[in-house]
Amino acid sequence: MGDPAVVVGVDIGTTSSKVVAFDTTGRQLAGHSIGYPLDDPNPGWAEQDPDLIHQAVLGVIRAVVDELDRPIAGLSFSTAMHSLIGLDADGNPLTPSITWADSRASAQAERLRAAPSGLALHRRTGTPVHPMAPLPKLVWFAEQEPKLHERVAHWVGIKDLVLRRLAEALVTDHSVASATGLMDIHRLAWDTEALRVAGITEEQLPQLVPTTHVLPGLTAEAARATGLPVDTPIVVGAGDGPLANLGLGAVRPGVVACSIGTSGAMRVMVERPGVDPLGGVFCYALTEDRWVVGGAINNGGIVLQWANDALAPELGENAEVELLDLAATAPVGSGGLIMLPYLLSERAPHWSALPRGAYVGLTHGHGRAHLVRAALEGVCQQLALVLASVRAAGNEVREVRASGGFARSALWRQILADALGMPVRFPAGHEGSGFGAALLGMQALGLIPSIEVAADLVRIEETVRPDPASAATYAALLPLFSELYDALVPTFASLRRMAPSLPPEPPPTAPPR
């Protein structure tokens with residue numbers, strides 16, 4: 001018998017493209033990444049140069065191909081979701097790549113969400129009506145850039161553009177499409193009402209294909225650039241969120257994948273599409289019989305970074321460690337201090353661009369340690385609200401697997417377990433969508449029987465169990481945390497109305513990811 005087959009996972013992220021080669025035993029053989037900037041030419045805008053991203057993808061594939069001394073069975077793709085690019089008839093970009101972090105369509109999203117059909121649109125398409133999504137962005141273009149809107153021949157996402165250049169196929173997978181707000185997740189077809197709202201036609205969108213769809217090969221130019229044979233199969237792949245579940249081995253119903261990087265997310269795999277009655281969660285496709293239900297939050301590790309910059313700027317090289325040590329000296333519940341961590345607005349489960357951060361319950365007795373701990377607790381309480389929405393959508397939750405930069409902190413790991421009120425398991429090794437993309441590619445190419453093998457390939461390194469007393473404290477505080485959002489919505493709205501007459505707010509300390 002020869003060596004196990006090798007599939008390369010290509011993950012087109014918000015700040016970099018990463019390419020990792022795995023064999024069918026789950027062993028990582030090679031990996032490279034190339035970064036690129038996230039531009040903000042106007043307040044609230046977050047866009048990128050699609051040509052830079054395409055060149056980065058070619059570069060990282062070439063680097064991995066050069067490192068490997070074995071044939072590659074195929075490429076399989078992951079991508080950041082919600083991107084939007086307008087192309088002319090020849091496939092040239094007329095717009096930058098507008099990313100999920102772009103909030104220029106806030107007014108359009110709030111208007112659509114408040115309309116009688118807003119919740120129905122969310123439940124039909126699986127995508128919350130929020131400025132992150134392509135649907136409100138398309139409405140923004142129709143209203144603010146009508147001439148440009150009329151010139152666009154095709155609207156695509158960043159992976160769609162890369163695949164068009166690699167293989168001359170204008171396709172988008174069901175996973176990425178399920179995050180546009182434009183596809184009916186129950187019919188796996190473009191939604192007529194959503195297209196009408198967006199002011200576009202079905203002919204302006206790529207062909208819908210399953211995530212396991214295989215393109216037969218590369219163009220001659222792409223083969224030269226990557227160093228791969230022309231007949232290398234390309235698996236279209238999926239969105240990075242669903243693939244992150246796969247990469248963590250969270251593929252069976254009831255197993256939740258939780259991540260806290262700069263932002264955060266919580267997703268559970270289900271066998272049929274659907275969202276909760278109040279529209280608190282998204283529902284995105286992975287395969288035709290596997291979907292993820294959950295929610296993303298804007299404010300994860302960025303909250304700790306803000307606390308460092310705003311509350312402890314004098315700390316040196318080990319600022320994060322010192323800050324976490326300081327937070328550990330404050331009691332569970334931060335002495336009755338609650339922080340709403342909405343520094344970069346928020347997504348799940350309210351899906352509104354209105355909210356801002358707030359400390360509530362501040363007294364003379366609170367010090368810096370309480371402020372920092374309350375910030376960490378706020379992030380974990382927000383994830384607890386997302387978990388409640390996942391359950392409200394009718395999903396059993398029996399296990400949580402977590403990954404991300406926060407996992408380096410024993411304190412933060414414990415706060416998460418306590419806030420969720422259940423054990424949290426931390427897998428070793430594969431923490432990414434790249435591994436998920438490779439596994440999906442292996443299934444599509446017939447190299448493994450099913451993506452279910454992911455549950456057996458991922459090894460659990462540590463399990464953190466909740467402290468009963470701490471968990472009870474957080475459970476008692478969660479309703480207060482939730483009520484504060486509703487209580488402050490009128491204030492958030494007033495602040496937005498007043499914004500033009502106030503001095504401009506300072507820019508964020510770092511772009512969201």
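The values are calculated or read from the model by the stated rules, or taken from the named source; none is laboratory data. The model shown is predicted, which means the values in this text are computed figures rather than measured ones. Virtual Cβ from ideal backbone geometry, glycine too; neighbours counted across all protein chains shown. The area values use the complete protein model at the heavy-atom level, side chains included, leaving out ligands, DNA and RNA. Shrake-Rupley method; radii C 1.70, N 1.55, O 1.52, S 1.80 Å.
Numbers at a glance
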{"item": "Counted residues, segment 463-513 - those being modelled with pLDDT under 95 and under 24 Å from the mean Cα position of the chain (by Cα)", "result": "7"}
{"item": "Count of segment 1-31 residues which are open to solvent by 40 Å² or more (accessible area, probe 1.4 Å), under 17 Å from residue 55 (Cα atoms) and outside any loop (DSSP other than H, G, I, E, B)", "result": "1"}
{"item": "Lone unmet requirement of (1) part of a helix (DSSP H, G or I); (2) farther than 14 Å from residue 485 by Cβ for residue 365", "result": "(1)"}
{"item": "Long-range neighbours under 8 Å by Cβ, at least six apart or interchain, first residue over 22 Å from residue 472 (Cα atoms) within segment 312-334, second of a type in the set (Phe, Trp, Tyr) and crowded, with 17+ Cβ neighbours inside 10 Å", "result": "324/412"}
{"item": "Top-ranked residue in segment 95-106 [being at pLDDT below 95 and among the hydrophobic types (A, V, I, L, M, F, W, C); ranked as surrounded by the fewest Cβ atoms within 10 Å (Cβ to Cβ)]", "result": "101"}
{"item": "Single unsatisfied condition, residue 225 versus (1) open to solvent by 20 Å² or more (accessible area, probe 1.4 Å); (2) among the aliphatic types (A, V, I, L, M); (3) within 16 Å of residue 399 (Cα to Cα)", "result": "(3)"}
{"item": "Residue tally, condition open to solvent by 10 Å² or more (accessible area, probe 1.4 Å), farther than 20 Å from residue 129 by Cα and of a type in the set (S, T, N, Q), over segment 78-94", "result": "1"}
{"item": "Contacts under 7 angstrom Cβ, first residue in segment 464-480 being without any contact (Cβ under 8 Å) to a residue 60 or more places away in the chain, partner open to solvent by 40 Å² or more (accessible area, probe 1.4 Å) and of a type in the set (S, T, N, Q), 6 or more apart", "result": "464/414"}
{"item": "Answer residue from segment 343-381, given it is charged (D, E, K, R) and closer than 21 Å to residue 417 by Cβ and is surrounded by the fewest Cβ atoms within 10 Å (Cβ to Cβ) among those", "result": "373"}
{"item": "Any hit, segment 130-140, residues being of a type in the set (A, V, I, L, M, F, W, C), closer than 22 Å to residue 236 by Cβ and either without any contact (Cβ under 8 Å) to a residue 12 or more places away in the chain or in contact with a helix residue (DSSP H, G or I) (Cβ under 8 Å, 6 or more places away or on another chain) (or both)", "result": "yes"}
{"item": "Residues satisfying the stated conditions in segment 32-58, i.e. farther than 30 Å from residue 496 by Cα, open to solvent by less than 30 Å² (accessible area, probe 1.4 Å) and either without any contact (Cβ under 8 Å) to a residue 60 or more places away in the chain or among the basic types (Lys, Arg) (or both)", "result": "36, 56"}
{"item": "Hits in segment 59-77 - residues which are open to solvent by less than 20 Å² (accessible area, probe 1.4 Å) and either in contact with a Ser or Thr (Cβ under 6 Å, 6 or more places away or on another chain) or under 18 Å from residue 15 (Cβ atoms) (or both)", "result": "60, 61, 77"}
{"item": "In segment 336-388, the residues that are within 21 Å of residue 489 (Cα to Cα), out of contact with any helix residue (DSSP H, G or I) (no Cβ under 6 Å at 6 or more places or on another chain) and polar (S, T, N, Q)", "result": "345, 352, 382"}
